[in-house]
1. Arrange the following residues from fewest to most other Cβ atoms within 10 Å of their Cβ: Asp85, Asp102.
2. Evaluate the relative contact order of the chain (contact order divided by residue number), counting alpha-carbon pairs under 8 angstrom at least 6 apart; express in whole percent.
3. Apply the a/c threshold of 1.5 to the C-alpha gyration tensor of segment 78-190 and tell me whether it is rounded, prolate or oblate.
4. Quick one: putting +1 on the C-beta of Lys and Arg, -1 on the C-beta of Asp and Glu, what dipole do you get for segment 2-189 around its Cα centre, in Debye to the nearest 20?
5. Once you place label points 7 Å from the Cα toward the Cβ at Ala163 and Asn63, how far apart are they in nm?
6. Show me 14-25, 133-144, 53-64, 166-177 ranked by packing, highest mean number of other Cβ atoms within 10 Å first.
7. Among Pro67, Pro107, Pro46, whose mean-square fluctuation peaks in a Gaussian network model of the chain (Cα, cutoff 10 Å)?
8. Tell me, Thr112, Thr76, Thr179 in order of fewest to most beta-carbon neighbours within 10 Å?
Amino acid sequence: MYEMRLHGRGGQGTVLAATILAAAIVAEEKFAVAIPSFGFERRGAPVAAYVRMDTREIRRMTNIYRPDCICCIDPTVSGSIDIFDGIRPGSTLVQATGKTIDELRRPQTVTTVGLCDAVPIALALFGRAITNTIMLGAFARTTGLVALGSLERALEESEFRDAGLEQNMRALRRGYEETVVHDFSSEAAA
């Protein structure tokens, strides 16, 4: 089973991103569940959502405490909470940030990092810092666990099908195209 934890802030669509990701995984004939987590439930507060994927049925519906992947859709949330809490060795980080890999804090257990400067993309496309679909594209590019086409189909079937679909499709593609992936697995093996 592969487990992902998504971090963002209230109002950015973190929970919706987890739902769309799970739908895309299911479309590829795998099993997936998306589990929302709500705390204070106010705009701007840190929010987490969880996605599990497997080749067989998933019965576990709890929060994820030992993720294989962290997808952080907000560049500031790591200043409020420890997004790396419980992360497994050999894990992946998909981060919305304008920082370079050398400026980024990365635990040694993280061996793959995908960086996407998602906020300027969101401001250009939406006029506000809503980065969820951009970071879904970044996730697909970084991990290869879901195809971009599957995410596009899931987006077409989401709540965006009635409004904002074209903008969100562009956001998804730009996230995929503009993500830079760094591989540190040789460092971990040394």
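No value in this document is a laboratory result; all are computed from the given coordinates. Quick caveat: nothing in here was measured; it's all calculated off a predicted structure. Don't worry about glycine lacking a Cβ; one is built from the backbone with ideal geometry, like all the others, and counts go over all protein chains shown.
1. Sorted ascending by nearby Cβ count, the order is Asp102, Asp85.
2. Result for the chain is 21 percent.
3. It comes out prolate by the Cα gyration axes.
4. Charge dipole, segment 2-189, about its Cα centre: 360 debye, nearest 20.
5. 3.2
6. Per-residue mean Cβ counts within 10 Å order the peptides as 133-144, 14-25, 166-177, 53-64.
7. Pro107
8. If I rank by nearby Cβ atoms, fewest first, I get Thr76, Thr112, Thr179.
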